[in-house]
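To start, the structure under review is shown below, and the notes come after it.
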Amino acid sequence: MFRTMPLAVVVLVAACTTQGATSSAGQFVEIEQVAVSTSAAPGPDASTGVFTSSCGRNDERHLNADNPVISPNVRNGAHHTHEYVGNLTTDAFSTPESLAAGASTCADGDLSAYFWPVLRLTDGEGHDAHAEGGGVHGNTGEVLPPESVVLTFTGNPVSKVVPMPRFLRTITGNPSAATSDGLNANAKWGCSGFPDRFTMKYPKCPAGASVTRTFDFPNCWDGRNVDSYSHRDHVVPAAANGACPAMTFPVPRLRMVVSYAVPAGRPFAVDSFPDEHRDPMTDHAMFVNVFPDEVMAGLAACVNEGRACG
């Protein structure tokens, strides 16, 4: 069962996060100044395949301020607006049964819910300027639709993977990272054309490059639970070499890459809780696995056999 985490409702005037604002200058970095990250090299028992789930880019404009993982059964419980691909029925009142019966933007029978906070152009007025999740919670500006959304499942550099259980819920990043000294922060901002350069600050991209957000999910499952009180303890990140901790099992690792064509010179910021002041390190995303069991089994086999599928 889900548990609702209490959140204080705070109404503020937005602390605008813009490239030109003196108070937020430290929240931006030139992408050329960001170091290239490295990843563990695959070993002899690695699972090296890639499964891509094609789910579109939310042309349906499925948006709400709900969070069925953290704040189930609470309308506008997220206090910021989420963007969705996948299951078209996802909202605060989603259940395993409702998701399994829902329609989806994805191919291959994928009914999963994928969602993350919207990105806004902060120099204009949004559709929800006077609504919860929007201006009421300090998230001002026009929502910028994604240019693309790429969802891939990969393996483990040291071993084979086991299929995810249906209705597994996972989170990457921490929406409260700015007020918790970066605890569980996993924001990865970047620019197209600069692979493997990730920063927890807003990137300054060269002309013609898209702003990217990369969400890497934890992939070491406890083998029993599809959720936990913290929404983290049942699925934890692998070690730097890719190995899972004792008593956990590697499952396919989800990576979501969301890209935006930010108009030149326009200021932008991510939605956040009011007291996080739209800090870029609070970027986060969530996933509820609603793949049919047989499709998930095929996904794991694809990854284990080193194929490209989906």
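Here are some notes:
- Segment 28-44, residues that are of a type in the set (Asp, Glu) and either in contact with a Phe, Trp or Tyr (Cβ under 9 Å, 6 or more places away or on another chain) or surrounded by fewer than 11 Cβ atoms within 10 Å (Cβ to Cβ) (or both): Glu32
- Matching residues in segment 203-216 - criterion: being surrounded by fewer than 22 Cβ atoms within 10 Å (Cβ to Cβ) and part of a loop (DSSP other than H, G, I, E, B): Pro206, Ala207, Gly208, Ala209, Ser210
- When segment 177-187 is limited to residues that are assigned to a loop (DSSP other than H, G, I, E, B) and in contact (Cβ under 8 Å) with a residue 60 or more places away in the chain, the one that is surrounded by the fewest Cβ atoms within 10 Å (Cβ to Cβ) turns out to be Gly182.
- Condition check for Asn67: touching a strand residue (DSSP E or B) at 6+ places or on another chain (Cβ under 8 Å) and closer than 17 Å to Val150 by Cα: no
- Of the residues in segment 235-257, at least one is assigned to a loop (DSSP other than H, G, I, E, B) and more than 27 Å from Ala177 (Cβ to Cβ).
- Test: residue in segment 98-105 that is closer than 25 Å to Arg224 by Cβ, over 19 Å from the mean Cα position of the chain (by Cα) and at pLDDT 95 or above: yes
The values are calculated or read from the model by the stated rules, or taken from the named source; none is laboratory data. If you're wondering where the values come from, they're calculated on a predicted model, not measured in any experiment. All Cβ positions, glycine included, derive from the backbone under ideal geometry; neighbour counts span all protein chains shown.
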